[in-house]
Amino acid sequence: MFGLKKRTVNETQPTPVMTVTPPAMAPDLVRPDLLTVEQSKDLSIEKTAELFNQHLNPGQYHFMKLLGFHRIKIESAKGIWYTDQNGRKILDFFGGFGSLSLGHNHPRILAARKKFQDEDRHEIAMAFLSQYAAALAHNLATIAPGDLDMVFLGSSGSEAMEAAIKVAERAQGPERSKVLYAQNSFHGKTKGVLSITDSQLYQSEFNLLEDKVKVPFGDLEAIKNALETDPSIGIVCLETIQGGGGIIEAPAEFWQGLRALCDAKNVLWVADEVQSGTGRSGRFFAFEHYGVIPDVTALAKSLGGGKTAMAAMIARREIYMKAYGKPATALIHGPATFGGIGESCITAIEALNVMYDEQLMENAEAVGAYMKSELQRLQAKYPKLIKDVRGRGFMMGLEFQDFSQTMPVAVRPALSMLDEKLKGSLSGFIGSALLRDHDVLVAFTEYNRNVVRLQPPLIATRENVDMFITALDKVLSGGVIKIVTDFIKSQRG
Ligand SMILES: Cc1ncc(COP(=O)(O)O)c(C=O)c1O
């Protein structure tokens, strides 16, 4: 079909200067062996795996293979369903780590984007004012409570969080730039926010920011002590609901206490809503459940309507103006080249409208509560397997009992052959079984191997939940030995 030969630079000798007829094209400009769009779509799963290993991330492929996900090539996706190369439909309770609130290919998102393209609208308008960026910022400021009015547009959650930390630091000044953050936090992998992402693995041996202090998540006393002993702490940065940490919430009193403490100590509270925001918890921002408003917040993921990369930092106007409000400071941070890109902005504008028109937050709250009660029913049925059910709306975590030290003797020899990552972690085996035998996709959490993360699109119905619960019930009914041996068999198959 195609050779996929790598282009070599200066493969042939340059043409001598005095040659009468120059070559039609310099050798370096001869079209290399590129794949076309059609060829890309038609790549077999084997060829895709080969290219993934050669050019993307062989280590990541290892994990996909471990769970059996490497056999599936998605051909299309609509609503809550993926369709693979064999026409098999897969129920998406993973939701792209929370980036598919509207489901896949929502018709209104597709129509808005098509119209925008058909009208030859512009994308990059850095020299001119963009009506699309202005309208999106207006919509976000309208939705955001209080005076969270000033918006920076970017393309990823990490970028929005970088903007959040930077606006807070600029407003506080260098003497008060120390950031307080939480254990098991996840704020992104760019270098600034990686410094406050509590993972030894991700932080690796990078040179990171030193001006920071870590406390347990939800521990108001620890924050109070830290602020009292160290006046250089000017910023508190927390996910409203910890995602990577295993779907962890703090009670309303914590958030109310935090708000009061920050006000009293003149500390800025940055709420990372990249995962919990855009309606996932049943409110647009998860902090709205607690009746408090942060000084700065950040959104990404589903803000792109499941179709594009869009992220936003939203700051209180006073803070933003202090940081970047004058002509001399306006360009210190932003605009980002692709931050206000036309089609992404109109996609986000349409996504926000759809969320309210289709009452997706109401649905997330109601159907999410139903899912939680069904999971609790299974917990009562399988107390030896399910340890906890947590979260709200469609940001839910299902924690399995820790079998790392107590796997049944019968499966220990087979287990010892498995990858370190899987040993003792029921969630890997169960997630794999749900996909393999029941066509249901779920996600895992970064730091807690025993937690399955359930983040279906906010359009999910009770019937979808029933299908997932029935599948989970069937998997759990086999007990640990069957769950593990089925997994090991599937590895051999
Ligand atoms: C809470 C939170 N903050 C920040 C990020 C980083 O977002 P991105 O992967 O788009 O850079 C994530 C990503 O999962 C997240 O969950």
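What to note about this one:
- In segment 143-161, residue surrounded by the fewest Cβ atoms within 10 Å (Cβ to Cβ) [restricted to those that are outside any helix (DSSP H, G or I) and more than 16 Å from the ligand (Cβ to nearest atom)]: Gly146
- Restricting segment 63-74 to residues that are assigned to a helix (DSSP H, G or I) and over 21 Å from the mean Cα position of the chain (by Cα), the residue that is surrounded by the most Cβ atoms within 10 Å (Cβ to Cβ): Leu66
- The conditions of being under 30 Å from Thr445 (Cα atoms), small (Gly, Ala, Ser) and touching an Asp or Glu at 6+ places or on another chain (Cβ under 8 Å) are met by Ala77.
- Condition check for Glu253: within 28 Å of Arg280 (Cα to Cα), among the acidic types (Asp, Glu), away from the ligand (no atom under 16 Å from the Cβ) and not in a strand (DSSP E or B): yes
- Against the criterion of being within 16 Å of the ligand (Cβ to nearest atom), under 14 Å from the mean Cα position of the chain (by Cα) and within 30 Å of Pro174 (Cβ to Cβ), Ala309 does not qualify.
- Subset tally (residues that are part of a loop (DSSP other than H, G, I, E, B) and under 27 Å from Gly68 (Cα atoms)) for segment 36-55: 2
- Just one of the listed residues (Ala348, Ala328, Ala364) is surrounded by 16 or more Cβ atoms within 10 Å (Cβ to Cβ) and either assigned by TED's automatic domain parsing to the domain that holds Arg121 or in a loop (DSSP other than H, G, I, E, B) (or both), and it is Ala348.
- Among residues of segment 258-270 being in contact with an Asp or Glu (Cβ under 8 Å, 6 or more places away or on another chain) and of a type in the set (A, V, I, L, M), the one that is nearest to the ligand (Cβ to nearest atom) is Val270.
- Cβ-Cβ distances below 7 Å connect no pair with a first residue in segment 144-163 that is closer than 10 Å to Ala336 by Cα and without any contact (Cβ under 8 Å) to a residue 24 or more places away in the chain, a second residue that is among the hydroxyl-bearing types (Ser, Thr, Tyr) and more than 9 Å from the ligand (Cβ to nearest atom), and a separation of six or more residues or different chains.
- Residue list for segment 179-194, filter: surrounded by fewer than 20 Cβ atoms within 10 Å (Cβ to Cβ) and away from the ligand (no atom under 12 Å from the Cβ): Gln183, Lys191
- Options Tyr324, Tyr356: the member that is among the aromatic types (Phe, Trp, Tyr) and free of Cβ contacts under 8 Å to residues at least 12 places away in the same chain: Tyr356
- When the criteria are applied in full, Ala369 fails the requirement of being in a helix (DSSP H, G or I), in contact with a Leu (Cβ under 9 Å, 6 or more places away or on another chain) and at negative phi.
- Selection status of Lys482, charged (D, E, K, R), outside any loop (DSSP other than H, G, I, E, B) and over 30 Å from the mean Cα position of the chain (by Cα): yes
- Residue within segment 104-115 that is surrounded by fewer than 21 Cβ atoms within 10 Å (Cβ to Cβ) and among the β-branched types (Val, Ile, Thr) present: no
- Residues that are assigned by TED's automatic domain parsing to the domain that holds Glu463 and within 16 Å of the ligand (Cβ to nearest atom) occur at least once in segment 81-95.
- Within segment 222-250, being without any contact (Cβ under 8 Å) to a residue 60 or more places away in the chain, surrounded by fewer than 23 Cβ atoms within 10 Å (Cβ to Cβ) and within 16 Å of the ligand (Cβ to nearest atom) holds for one residue alone: Ala250.
- Conditions (1) in contact with a Gly (Cβ under 7 Å, 6 or more places away or on another chain); (2) at pLDDT below 95; (3) not in a helix (DSSP H, G or I); number of the one not met by Leu458: (2)
- Check on Glu175, more than 16 Å from the ligand (Cβ to nearest atom) and of a type in the set (Asp, Glu): yes
- Selection over segment 100-131 of residues that are within 25 Å of Phe152 (Cα to Cα), assigned to a loop (DSSP other than H, G, I, E, B) and in contact (Cβ under 8 Å) with a residue 24 or more places away in the chain gives a count of 10.
- Filtered residues of segment 271-306 (kept if within 16 Å of the ligand (Cβ to nearest atom) and acidic (Asp, Glu)): Asp272, Glu273
- In a residue-by-residue description of segment 74-97, the property of being farther than 30 Å from Thr470 by Cβ and either in contact with a Gly (Cβ under 8 Å, 6 or more places away or on another chain) or modelled with pLDDT of 95 or more (or both) applies to no position.
- Hey, Ala164 of a type in the set (Gly, Ala, Ser), in a helix (DSSP H, G or I) and within 16 Å of the ligand (Cβ to nearest atom) or not: yes
- Yes/no for Leu140 being more than 16 Å from the ligand (Cβ to nearest atom), in the same structural domain as Thr347 (by TED's automatic domain parsing), closer than 30 Å to Ile80 by Cβ and surrounded by 15 or more Cβ atoms within 10 Å (Cβ to Cβ): yes
The values are calculated or read from the model by the stated rules, or taken from the named source; none is laboratory data. All values reported here derive from a predicted model rather than from experimental measurement. All Cβ positions, even for glycine, are placed from backbone atoms using ideal geometry, and neighbour counts span all protein chains on display.
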